[in-house]
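Here the structure is laid out as structure tokens; the discussion comes afterwards.
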């Protein structure tokens, strides 16, 4: 399949690499060209602009940090929506606002293009292994056409529904639940450490009894080890996702007090100089509050 791919950060690079391994024909674009050059050695073409990446593509995939980055490559004058052919599909894998996802669906529809929101669950190491969980929202026909791409990057595809933004709602809700797991683990580990229980002993018991799941294993290990660098998912990105969730919840008139608590955790962690750390570093605040240590500023 002829694929334009925009956004070669940690997640995007892993996804693009697996698509090339699956023998899809990629044209890649990244704002920092040096990140794209490695893909040329794998057989990909390098586009000089987003519009060049979209031109002639059967599918355009975007994996970008936030709404502003996605809007700049899709909607700015001369960019991708203007050159993507009629009948082609834009797959947005970015974690973006529900409102932008609705806007993308309408804008592509006006140009007789298709739009699929295909959010993913999994950290960069999961993406590199081709084991992401894909949540696809949009019309069934375009999703079926994209299934070979999803199969190349993920272990399972879930269908969110005919409305593309449903996938974004699910992604934001899922990321919110991860942050509440991080917060609850942080408080529990602080309690255990202050009470003299070795953190990895607690982790081993917890993840082999009540909570034998990847989320508890991954974040429990980070918190037990008190190791949040290098970041698999940087804290400011988690803060952004929390902000998007609260905005969507306000629009839907759904109170989410736990999300507000996590919001304050992110703000505090950023004020403490943890912007380069993993988003699990909000656990440091529970350690500090328990008198176990001070958060190191950078």
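Only the coordinates and a few stated rules stand behind these numbers; no lab work does. These figures come from a predicted structure and were not determined experimentally. Don't worry about glycine lacking a Cβ; one is built from the backbone with ideal geometry, like all the others, and counts go over all protein chains shown.
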>> For Cα pairs less than 8 Å apart in space and 6+ apart in sequence, what is the mean separation divided by the residue count of the chain, i.e. the relative contact order in percent?
In response: 13 percent
> If we restrict to alpha carbons, what Rg and Dmax does segment 2-163 come to, in Å?
Replying inline: 14.0, 38
> Between segment 28-68 and segment 112-132, what is the C-alpha centre distance in whole Å?
Replying inline: 16 Å
>> As an exercise, use a Förster radius of 41 Å and the Cβ-Cβ distance of residue 75 and residue 184 to find the FRET efficiency, rounded to the nearest 0.05.
In response: 0.55
>> In Å, what Kirkwood hydrodynamic radius results for segment 143-298 from the alpha-carbon pair distances?
In response: 17.0 Å
> Rounded to the nearest 500 deg cm²/dmol, what is the calculated helix-only ellipticity per residue at 222 nm for the chain, with -39500 (n - 2.57) per DSSP H run of length n ≥ 4?
Replying inline: -16500 deg cm²/dmol
> Can you give the angle from 0 to 90° between the axis of helix 214-225 and the longest principal axis of the chain, with both taken from C-alpha atoms, to the nearest 10?
Replying inline: 50 degrees
> Dimensions of segment 181-271 along principal axes (Cα, Å, largest first)?
Replying inline: 43, 27, 24
> Taking 0.36 nm per intervening residue step and subtracting the Cα-Cα distance, what contour gain separates residue 275 from residue 147 on full extension?
Replying inline: 42.5 nm
>> Defining a contact as two alpha carbons under 8 Å apart and six or more residues distant in sequence, what relative contact order in percent does segment 2-163 show?
In response: 19 percent
> Where the eigenvalues come from the Cα gyration tensor of the chain, what are the semi-axes √(5λ) of the equivalent ellipsoid, largest first, in whole Å?
Replying inline: 36, 20, 18
>> To check you understand DSSP bridge types, tell me what percent of the beta bridges within the chain (both residues inside) are antiparallel, rounded to 5.
In response: 20 percent
>> Per 0.36 nm of contour for each residue apart, how much would the distance between residue 31 and residue 250 grow if the chain were fully extended, relative to their Cα-Cα spacing?
In response: 75.5 nm
